[in-house]
Amino acid sequence: MPPSSFQKRAVFFVAFSGIVTLILIAFPLVEGWLQDFVLPQFALQILDGKLLNTDRSEPSMMSSTTVSLVVNIFHIIKIFLWMALIIAVVRFITFLIFQTVLRSSSQSEISSLLKTVLSIIIYIVSFFIIFQSQYPGVQLGALFSGSAILGIVVGLALQDTLGNLFAGIALQADKPFQVGDVVTISNRGSGVIETVSWRGVKIRTFQNKLLVMSNAVMGKETIEVAPRDNLNARIVFFNTVYSSSPSRTIQLVREAVRQTENVSQKLRPIVRILNFGDSGIEWEVKYWADDYTRYNDTDALVRQRIWYVFQRENIHFAYPTRTIHIEPKRAEASLDEYLNTTAELLHAVPIFAPLSDEELDKLAQGSTNRVFAPGEAIVRKGQEGKSMFVIVRGAVDVQIPENGLPKTINRLRDNDFFGEMSLLTGQPRSATVVASEETEVLQIKKTSLKPIFEANPELVESIGQIVEQRRALLTPVLGLETAAVEDMDQGVFSSIRKFFGLK
Ligand code: CMP
């Protein structure tokens, strides 16, 4: 089994620090030998760190400068060795703490910044102590604090570094982003945070380039952060022609996007109309990405899915077009077509089944086709009503207020009709009728119904029966409040006849 990085480091650390320690232990021996054997031969001696000539009568054979040079070299080597030992120990300990202990804890995100700052502090303090031990006579503190020029030089040299360091400390304390977050920096693009250090931040852009920014610059930028452990949303835009049904589009796109890879199942995608544009309806779909770093691919996949679902369901994308309408001929053709289909639709409604083709055509002429969105009220309780409605496609809820909230008492579907009560009796609308899905209705006016009723008294009868049944359902809920009830005593049929002026 190859040695792990921990083992390698441990072996290196032990070997290195062992050698340095041995040299440091051997140093006093060398110094002692120098002092006891070499210097006396030159009539020299070191006392309290100073070089003295022991025999004043004879000049020393070795110049004192050479000796002090040797002594200083010894001091400097010792300082280097001690610093090397301290750096090795600090690096090994920080490696142990940050890599081994903290990796398993929740603070695994502690960046190299803290490590570096702590290490630098330890190095500076150690250097002071070691230097003082080697040169007790030199006042290092006074040297640093007293030297204005040195201060300026160091200050200028470290200006950027210190700026970055403090900006880095501020960023670290604030923690606006972490490794793995997706960030967008104004005018510089987006990418994934790769490292955060005391100097700056490395961002891997979506073109796989490395954007390196110093902390000082980073601190001044406006940064949009999409945290890694957050459900981040994306918005994709598309458009459709005006003839495509909005509620169908919403349903289809929502489903298609939901099934796209990397779209979160935790939140349902939102599809909504943004604007009525020049070329068509402008839409947006908002979804939440499981892995936000892959949003470019997911956006593309979402667009692809929308294209396929539109292709299958015959919904058309909008693009700038110019449509030339040749009015007269098309109008005639479409009116005939419209009347034929409308008459067919009316024929399918049970109450109109007994009517002749001619009567159905007349009724079709007096009716208008209307489409309502889900949730839209087609008639409202209490309003005056001069028309009734036949459901061509969709469904509606009949609602009456109960304790201030709408209560659904019935649901009507294809070929059902509503709005007949006030049309036939002249009473205000007895309930609110709301489209529960996209619903297409035929609106028939009172004026178109009158001649049909005159010719078909049995129609008054069959509609009257339905009105009575529906009223029976309404009365217990609404109570005996309305004038309609007074009329009911006279019978629905007579009130219909009276209202329409029939015999
Ligand atoms: P109108 O009173 O004109 O307007 C509200 C319509 O709701 C009413 O006509 C009926 O067509 C319909 N309506 C009222 N009560 C019921 C019911 N119990 N079942 C089905 N439809 C109803």
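The values are calculated or read from the model by the stated rules, or taken from the named source; none is laboratory data. Keep in mind the model is a prediction, meaning the values are calculated, not measured. Here the Cβ is made from the backbone with ideal geometry for all residues, glycine too, and neighbour counts use every protein chain on show. Protein only, heavy atoms only, side chains kept; ligands, DNA and RNA dropped before computing areas. Shrake-Rupley method; radii C 1.70, N 1.55, O 1.52, S 1.80 Å.
P406 passes every criterion in (1) at negative phi; (2) open to solvent by 50 Å² or more (accessible area, probe 1.4 Å); (3) within 12 Å of the ligand (Cβ to nearest atom) apart from (3).
Scan the stretch 257-285 residue by residue and report those that are in a strand (DSSP E or B) and either farther than 19 Å from V371 by Cα or under 21 Å from the mean Cα position of the chain (by Cα) (or both). Once the filter is applied, which keeps residues that are in a strand (DSSP E or B) and either farther than 19 Å from V371 by Cα or under 21 Å from the mean Cα position of the chain (by Cα) (or both), the stretch 257-285 yields V263, I270, V271, R272, I273, L274, N275, E282, W283, E284, V285. Residues to consider are F80, F27, F92; find the one that is open to solvent by 70 Å² or more (accessible area, probe 1.4 Å), hydrophobic (A, V, I, L, M, F, W, C) and either within 58 Å of the chain's Cα centre (by Cα) or at pLDDT 70 or above (or both). Checking each option against the conditions leaves just F80. For the stretch 176-200, give me the residue count where each residue is more than 17 Å from N232 (Cα to Cα) and without any contact (Cβ under 8 Å) to a residue 24 or more places away in the chain. Final tally of qualifying residues: 3. Checking each residue of the stretch 227-247 against the condition of being within 25 Å of K115 (Cα to Cα) and touching a residue at least 40 places away in the same chain (Cβ under 8 Å) gives at least one match.
So is A233 out of contact with any Asp or Glu (no Cβ under 7 Å at 6 or more places or on another chain) and of a type outside the set (D, E, K, R) or not? Taking the combined requirement at face value, the residue satisfies it. Residues in the stretch 323-346: is at least one closer than 22 Å to R470 by Cα, within 16 Å of the ligand (Cβ to nearest atom) and either part of a helix (DSSP H, G or I) or modelled with pLDDT under 90 (or both)? No, that holds for no residue.
Select from the stretch 290-302 the residues that are over 19 Å from E194 (Cβ atoms) and either more than 18 Å from the chain's Cα centre (by Cα) or loosely packed, with under 15 Cβ neighbours inside 10 Å (or both) and list them in ascending order.
Filtering the stretch 290-302 down to residues over 19 Å from E194 (Cβ atoms) leaves 290, 297-302.
D290, D297, A300, listed by residue number.
Run down E461, E468, E437 and say which single residue is free of Cβ contacts under 8 Å to residues at least 40 places away in the same chain, open to solvent by 40 Å² or more (accessible area, probe 1.4 Å) and away from the ligand (no atom under 16 Å from the Cβ).
Just a single option satisfies the conditions, and that option is E461.
The set of residues from the stretch 241-280 being open to solvent by less than 10 Å² (accessible area, probe 1.4 Å), at pLDDT below 95 and among the β-branched types (V, I, T) is empty. Does T368 meet the test of being within 15 Å of the ligand (Cβ to nearest atom), out of contact with any helix residue (DSSP H, G or I) (no Cβ under 9 Å at 6 or more places or on another chain) and assigned to a strand (DSSP E or B)? No, not satisfied.
When the residues of the stretch 117-138 are narrowed to those that are hydroxyl-bearing (S, T, Y) and assigned to a helix (DSSP H, G or I), which ends up farthest from H75 (Cα to Cα)? Looking at residues that are hydroxyl-bearing (S, T, Y) and assigned to a helix (DSSP H, G or I), I get S119.
Residues that are in a helix (DSSP H, G or I) and either at pLDDT 70 or above or surrounded by 12 or more Cβ atoms within 10 Å (Cβ to Cβ) (or both) within the stretch 485-495 comprise V485, D487, M488, V492, F493, S494, S495, listed in sequence order. Which of the residues spanning the stretch 1-24 are outside any helix (DSSP H, G or I) and open to solvent by 90 Å² or more (accessible area, probe 1.4 Å)? Residues satisfying the conditions are M1, P2.
When D397 is tested against (1) within 16 Å of the ligand (Cβ to nearest atom); (2) open to solvent by 70 Å² or more (accessible area, probe 1.4 Å); (3) among the charged types (D, E, K, R), just one condition goes unmet, and that condition is (2).
Applying the set (1) more than 24 Å from the chain's Cα centre (by Cα); (2) assigned to a helix (DSSP H, G or I) to R254 leaves exactly one unmet item: (1). Looking only at the stretch 383-394, residues that are within 11 Å of the ligand (Cβ to nearest atom) and in a loop (DSSP other than H, G, I, E, B) come to 4 in all.
Every residue in the stretch 409-431 that is of a type in the set (A, V, I, L, M, F, W, C), modelled with pLDDT of 90 or more and open to solvent by less than 20 Å² (accessible area, probe 1.4 Å), please. Correct list: L412, F417, F418, A431.
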